[in-house]
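> I have a structure here, written as structure tokens, and I will follow up with some questions on it.
Laboratory data are not the source of any read-out in this text; all were calculated from the coordinates shown. Quick caveat: nothing in here was measured; it's all calculated off a predicted structure. So basically every Cβ, Gly included, is an ideal-geometry build from the backbone, and we count neighbours across all protein chains shown.
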Amino acid sequence: MKYSKDIDFFRAILICLVILVHIVNFGNIHPLAKSAILSFMMPTFLVITGYLVNIDKTIREFLRYIGQILLPYVIRVTGYAVLSLYLPVRDGIKVFNLSTILDIICIKSIGPYWFLHVMIVCGVIYYFAFHISRKIDITARYSIFAALLIITALFTPFLSLEAAFYYFVGVGIRQYCKDFSRVYLNSFWPLLPFGLLVVHPRFHGWGTISVLVCVFSFLSFSSYFICFFKGRTKSIIEYIGRNTFPIYIFHPMFTMLSKFLSPAFKWDFTGLSHAILIIVIGVAGSICIAKVLDWSHLSYLLGKKKILR
């Protein structure tokens, strides 16, 4: 597989959007903008994730990879659930007991951590489907993978078919195209269909073809803007893109506390200045937490020798 630095640029944009939509104040002021962002943001992340997952590993190596997602997932979901009892969270819990915790860890998840749940479920199915037999070709294994995803989504509560689809697309790009940059064009013009689709809520459903169009349009016009960033600015963006995992798992700490800064921004009726500040704090704060964990070797508690890349 050929790794493209464009992916780091895409992920840097996407992780900033993830923080943005989790800011309660922004969502209250701009509900349509939040819906528009959600329509393509996580599907794009899932496509990229499906592409990046490497299954050319021994069972032990792959289980270590799953464990490095599972351990932070369990810790953060549990922590998020506890905080949701005291802080404003739309999908928080009302009662803290064993059955509730098992439900949010194993089945529905809460907060932004459903994404890690999808990574774990799809990753395990992906590995199994492509190692079931080395005697069959890629198309056969890819078809088995599709069938297993559909069965899991239809007959168990562990997976959404819409989320699985975008992960599946990413896997297809890896298996058939090899190079991620072959599936998008470096052009400003795809911004036109993208803009026309995201402004209409009826096109926001992940089960619609319009979202897939938005995903690849986003990749295309975003890649066009890469050339405008040089030197240190570009390096910082790529660094953020390489380290979306720690930002993803730690940023809710900052978005949940952002409500306490809202009164200082009453002068800004758009809520954008507050949102920008929280994004900066969320990114910087998450990276600082990861650095402290790496420095103190507490990163081992999350199943990793080093969190930052």
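> Excluding same-chain residues fewer than 8 positions from K94, which lysines have a Cα within less than 19 Å of its Cα?
K108
> In whole Å, what three semi-axes, largest first, describe the equivalent ellipsoid of the stretch 158-207 built from its Cα gyration tensor (square root of 5 times each eigenvalue)?
Ellipsoid half-lengths, sorted descending, are 23, 21, 5 Å.
> Then there's this: Rg over Rh of the chain, using C-alpha atoms and the Kirkwood radius, what does it come to?
My calculation puts Rg/Rh at 0.95.
> Taking a threshold of 24 Å on the Cα-Cα distance, which of the pairs K178/K306; K5/K306; K34/K266; K234/K291; K34/K291 fall above it?
The answer is K178/K306; K34/K291.
> I want to check the label-to-label distance for R232 and L38. Put each point 7 Å from Cα in the C-beta direction and report it in nm to one decimal.
Label-label distance for R232 and L38, simple model: 3.8 nm.
> Next up: Which loop-located trypsin sites (Lys or Arg not before Pro) does the stretch 204-246 contain, where loop means any DSSP state but H, G, I, E or B and the Cβ has at most 11 other Cβ atoms within 10 Å?
K230
> Ok, one more. Binning every alpha carbon pair distance of the stretch 104-164 at 10 Å from zero, what are the percents per bin?
23, 49, 22, 6, 0
> Residue separation times 0.36 nm, minus the C-alpha to C-alpha distance between D103 and D268: what's the value?
55.4 nm
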